[in-house]
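Have a look at the structure below, then the notes.
Nothing in this text is a laboratory measurement; each read-out follows from the coordinates by a stated rule. If you're wondering where the values come from, they're calculated on a predicted model, not measured in any experiment. A quick note on method: Cβ atoms are made from the backbone with ideal geometry, for glycine too, and the neighbour counts reach across all protein chains shown.
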Amino acid sequence: MSIYAIGDIQGCYKELQQLLKQIRFDHARDHLWFVGDLVNRGPDSLQVLRFVKSLGDSAITVLGNHDLHLLAVAEGATELHRSDTLDEVLNSPDRDELLTWLRQQRLLHAESGFVLVHAGLLPQWSVKQAASLAREVEQALRDDHTNFFAHMYGNNPQSWDDGLTGSMRLRVITNAFTRLRICTPQGEMEFKFKGEVENIPAGYMPWFEVPKRTSSDATVIFGHWSALGLKVTPNAIALDTGCLWGGPMTAIRLEDRQLFQVNCNTPVAKNW
């Protein structure tokens, strides 16, 4: 049995199938870990959702910001953006079944020294604390998703406080897991920046490079930051290589960290 972690799909179904063919994925034996953002911007979000759902226990996916955006649009909590490609999902006959399945996915998965998230972890969070906080949001998505989506959007608070409660607490947790790229050494997040590492604003750094990060005893697997590209270190693996924008789609086999990539078939205009 092998476990393969795969970077952001974002509706690129053809590339996903080519990648699975390259790794010789065996549904009965192997497992896939998806870093989130299964949908949006790419051409085939509906096919991606149907396929990943059909994998059952052979796949684990964590929720990304685009996945949550789809759910929020479906709930009426926000409107579609001009660049969204979600109409096919929203108008599909199995829409409710797919969205219910998506809403029940995780924000974080931890196993055998690896932690799977979409964007990142705040530097003061241990893996144990992060897992507990993820469960809070997951429970809200299952039990009271209408209220959750009504308060999900926003950049504040920008840092974690153990005393936070209610919607502000859930928002910070959600933003860290699904939107984080850079922060201060104290864990204050900044969400406007989407570019390359050399252009990070003064006072900020990639979240995974914060000195003495509490979760550094595990290897965090993440996506979300296409301008960062592929990065493999002992305790951080970044897998969003920008297939949507013309880069490759990337998988890594966790047992030996062997990389696999396929080229993008039809890139869209670059717009991080």
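A few remarks follow.
- Of all residues making up the range 195-232, the number that are outside any loop (DSSP other than H, G, I, E, B) and either in contact (Cβ under 8 Å) with a residue 12 or more places away in the chain or touching a strand residue (DSSP E or B) at 6+ places or on another chain (Cβ under 6 Å) (or both): 11
- Meets criteria (surrounded by fewer than 16 Cβ atoms within 10 Å (Cβ to Cβ), over 21 Å from residue 174 (Cβ atoms) and within 18 Å of the chain's Cα centre (by Cα)) for residue 111: yes
- Checking each residue in the range 157-194 for being under 20 Å from the mean Cα position of the chain (by Cα), over 23 Å from residue 38 (Cα atoms) and assigned to a helix (DSSP H, G or I) picks out only 169.
- Whichever residue in the range 65-108 is within 19 Å of residue 147 (Cα to Cα) and of a type in the set (Ser, Thr, Tyr) and, among such residues, is farthest from the chain's Cα centre (by Cα): 78
- Residue count for the range 136-171, restricted to those that are surrounded by fewer than 17 Cβ atoms within 10 Å (Cβ to Cβ), more than 23 Å from residue 123 (Cα to Cα) and touching a helix residue (DSSP H, G or I) at 6+ places or on another chain (Cβ under 9 Å): 5.
- Scope the range 1-54; condition acidic (Asp, Glu) and within 21 Å of residue 103 (Cβ to Cβ); matching residues: 8, 37, 44
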